[in-house]
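Some notes on the structure that comes next.
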Amino acid sequence: MKDNYPTRKSKKGKFINRICPVVYEKPELLSEAQYEFYKENGYLRIESFFDKKQVTDLLHESILLRENKNYGHITIEPNSNSVRSITGVHEKNLFKNFAENKEVTSIITALLGDMIYIHQSRINYKKALDGTGWSWHSDFETWHSQDGMPNMRCLSVMIPLLENTECNGSLIVIPKSHNIFYSCKKEKTVSAEENFADQKEGVPDEEAIKYFFKNSNGAVEMIKCKPTDLILFDCNTIHVSTSNLSNNDRTNLFFVYNSISNRLVSPFKGTPERPNEMASRGELNILS
Ligand code: 6CS
Ligand code: FE
């Protein structure tokens, strides 16, 4: 298959314009203003989408998973023994119900204009005074290079299970960055595990980030949010999160919805396929 977004292949990074549309159809559950905001900026925060009890049950389940370490693919923090992430949770009962929530999937199906499935699910725990962040990056750059995701017909849903504040490492996005792909320069290859735990390959350089800042007229948005909110962000929206310097954990649940016409092929980087708990392959559970 043609590689529309060659990355991690040459000495210098470069910009490539996005090929596929950001959105295909306005979901009934989004207002015109919300739909236009998402299309324009590459992210959207919908307040109080879920009910409190539903989300509290998810939080308890996420704590059990972290304590029991008996499900999913576990990644440990690079500088401690704390659990950083657990991926591959969307087949587990409570999480499955959320991933297949009819209101959520109806929004995603309209936005992506296709049938959808879960490419990846993860719980990022970011423990108080311990959880480290992620450098500026595009998720799509990793999913294209390391998972073989051909195009950008894919988006992430974030469900905060605990409050995300200005000091516990909230997600920070650069509005409008989703329209431009940054092809990262070639780096020394590290394993998929290492790159997930502490990304070294696929990190845009400072010049690139400055370009994205310029492109957004300097706008940078910290997504402060609370349990029951629903956050959508495009697979190519440039984002970062800092370490958690506060006394409060910042636990977020992510479901990555990919369109069925954008299912994975062989990784464009030529590296081995990542485990199914990090990138769904083979028989897919179509959600719409
Ligand atoms: O490797 C991945 O799939 C993850 N890496 C980053 C840097 N962001 C989210 C994504 O799930
Ligand atoms: Fe990311």
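The values are calculated or read from the model by the stated rules, or taken from the named source; none is laboratory data. Quantities reported herein were computed from a predicted structural model and do not represent experimental measurements. Here the Cβ positions follow ideal geometry from the backbone for every residue, glycine too, while neighbour counts run over all protein chains shown. These accessible areas exclude ligands, DNA and RNA; they are computed on the full protein's heavy atoms, side chains included. Shrake-Rupley method; radii C 1.70, N 1.55, O 1.52, S 1.80 Å.
Which one of Q34, Q54, Q199 has the biggest mean-square fluctuation once the chain is modelled by GNM with Cα springs under 10 Å?
Q54
Using all alpha carbons of region 38-196, what is the percent of pairwise distances in each 5 Å bin, ordered from the shortest bin to the longest?
1, 7, 15, 19, 22, 20, 12, 4, 1, 0
Ignoring everything but the protein chains, give the 1.4 Å probe accessible area of E193 in square angstrom, nearest 10.
80
Between E36 and M222, with labels modelled 7 Å along Cα→Cβ, what's the label distance in nm to one decimal, could you check?
Output for this residue pair reads 2.9 nm.
Find, to one decimal place in angstroms, the Kirkwood hydrodynamic radius of region 207-265, where the mean of 1/r is taken over every pair of different Cα atoms and then inverted.
For region 207-265, the Kirkwood estimate is 14.8 Å.
Residue-wise, which Karplus ³J(HN,Hα) couplings in Hz belong to region 134-139, taking 6.51 cos²θ - 1.76 cosθ + 1.60, θ = phi - 60°, and x for glycine or proline?
Residue by residue, region 134-139 yields 10, 5, 4, 6, 10, 4 Hz.
Take the solvent-accessible surface of the protein heavy atoms, probe 1.4 Å, and return the percent of it on the chain that carbon and sulfur atoms account for. If you can, show how the numbers build up before the last one.
Numbers: 6320 of 12160 Å².
Roughly 52 percent, rounded to a whole number.
For the chain, what is the accessible area per residue in Å² when the probe is 1.4 Å?
That works out to 42 Å² for each residue.
Could you compute the FRET efficiency for S80 and N247, with r as their C-beta to C-beta distance and R0 at 22 Å, rounded to 0.05?
Result of the calculation: an efficiency of 0.85.
Could you work out which residue, out of C235, C167, C154, moves most in a Gaussian network model of the chain, that is, has the largest mean-square fluctuation with Cα springs under 10 Å?
Of C235, C167, C154, the Gaussian network model singles out C167 as fluctuating most.
With label points built 7 Å along Cα→Cβ from the Cα atoms of T189 and T56, find their separation and express it in nm.
Computed distance between label sites T189 and T56 equals 5.0 nm.
For each pair in K26/K53; K200/K269; K127/K226; K69/K102; K39/K126, compute the distance between the two Cα atoms and list the pairs where it is over 18 Å.
K26/K53; K69/K102; K39/K126
Could you state the number of Å between the C-alpha centres of region 255-273 and region 138-193?
Comparing the Cα centres of region 138-193 and region 255-273, I get a distance of 14 Å.
Rounded to the nearest 500 deg cm²/dmol, what is the calculated helix-only ellipticity per residue at 222 nm for the chain, with -39500 (n - 2.57) per DSSP H run of length n ≥ 4?
On the way: 7 runs with 70 residues, N = 288.
So the helix-based figure for the chain works out to -7000 deg cm²/dmol.
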